[in-house]
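K.L.:
Please find one structure pasted underneath; my questions will follow.
Quick note: the coordinates plus some simple rules give every number you see, no bench work behind them. Since the structure is predicted, the reported quantities are computational estimates derived from the model, not experimental observations. Please note: Cβ atoms are built from the backbone with ideal geometry, for glycine as well, and neighbour counts cover all protein chains shown.
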Amino acid sequence: MLSSEEINNLISKSTSARENAFAPRSDHKIGACVLMSDGSYFEGCNIEGIISGLGVCAERAAIDHAVLHGKYEIKAICTVDAEHLFPCGVCLQYLFEFLQINNEEITVIASDVKGDYKMKPLMELLPNGYLTKNPHNLENFSRYKSK
């Protein structure tokens, strides 16, 4: 369960990250922030590329920012857009990779620029996402747990 302070921090940090979005083609700016199980936050924004497929969604940028800092256990993710926009299927599947580290639900928050938000569990948004079935691979995920 997220506290109101954690939710407010996620929305605030996502809103700030949105200001740095690189969206010259669409002008559709999105900010994101992940909250890790240790209480740290990592932001990201969408980055468009002129060639399809070269850009990155704000959610994956935020997750990659956390990974860059050696953080893997995601508690929640938030997106901020003009309206309530939950992550795309690619980003939801990307989150599933990290859900396997500690097998705890990840809360997904979609906020508009006014701070109104909707919240759903990852498993509700992508109930049939691909999870690693090989026990050996699941053991490999354990090395990414906080010590």
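K.L.:
Taking into account only those residues within region 60-85 that are of a type in the set (G, A, S) and in a helix (DSSP H, G or I), which is nearest to the chain's Cα centre (by Cα)? Steps first, answer last, please.
P.N.:
Going through region 60-85, the residues of a type in the set (G, A, S) turn out to be 61-62, 66, 70, 76, 82.
Then keep just the ones that are in a helix (DSSP H, G or I); that gives 61-62, 66.
Working: A61: 8, A62: 6, A66: 10 Å.
Looking at residues that are of a type in the set (G, A, S) and in a helix (DSSP H, G or I), I get A62.
K.L.:
Inside region 46-86, can you point out the residues that are in contact with a Gly (Cβ under 7 Å, 6 or more places away or on another chain), over 21 Å from M119 (Cα atoms) and of a type in the set (V, I, T)?
P.N.:
I47
K.L.:
Could I ask something else about it? Could you give every pair whose Cβ atoms fall below 7 Å, whose first residue belongs to region 46-61 and is under 14 Å from T79 (Cα atoms), and whose second residue is assigned to a loop (DSSP other than H, G, I, E, B) and among the β-branched types (V, I, T), counting only separations of at least 6 or pairs across chains?
P.N.:
Between residues of region 46-61 that are under 14 Å from T79 (Cα atoms) and residues that are assigned to a loop (DSSP other than H, G, I, E, B) and among the β-branched types (V, I, T), the close pairs are N46/I30; A58/I30.
K.L.:
Answer with yes or no whether L2 is on the phi < 0 side of the Ramachandran plot, exposed (fewer than 12 other Cβ atoms within 10 Å of the Cβ) and part of a loop (DSSP other than H, G, I, E, B). Don't jump to the end; show me each part of the working.
P.N.:
Numbers: on the phi < 0 side of the Ramachandran plot: yes; exposed (fewer than 12 other Cβ atoms within 10 Å of the Cβ): no; part of a loop (DSSP other than H, G, I, E, B): yes.
It is false that L2 is on the phi < 0 side of the Ramachandran plot, exposed (fewer than 12 other Cβ atoms within 10 Å of the Cβ) and part of a loop (DSSP other than H, G, I, E, B).
K.L.:
Please state which of the following conditions S146 fails to meet, knowing it meets all the rest: (1) in contact with a helix residue (DSSP H, G or I) (Cβ under 9 Å, 6 or more places away or on another chain); (2) surrounded by fewer than 19 Cβ atoms within 10 Å (Cβ to Cβ); (3) over 16 Å from D38 (Cβ atoms).
P.N.:
So S146 meets the others, but not (3).
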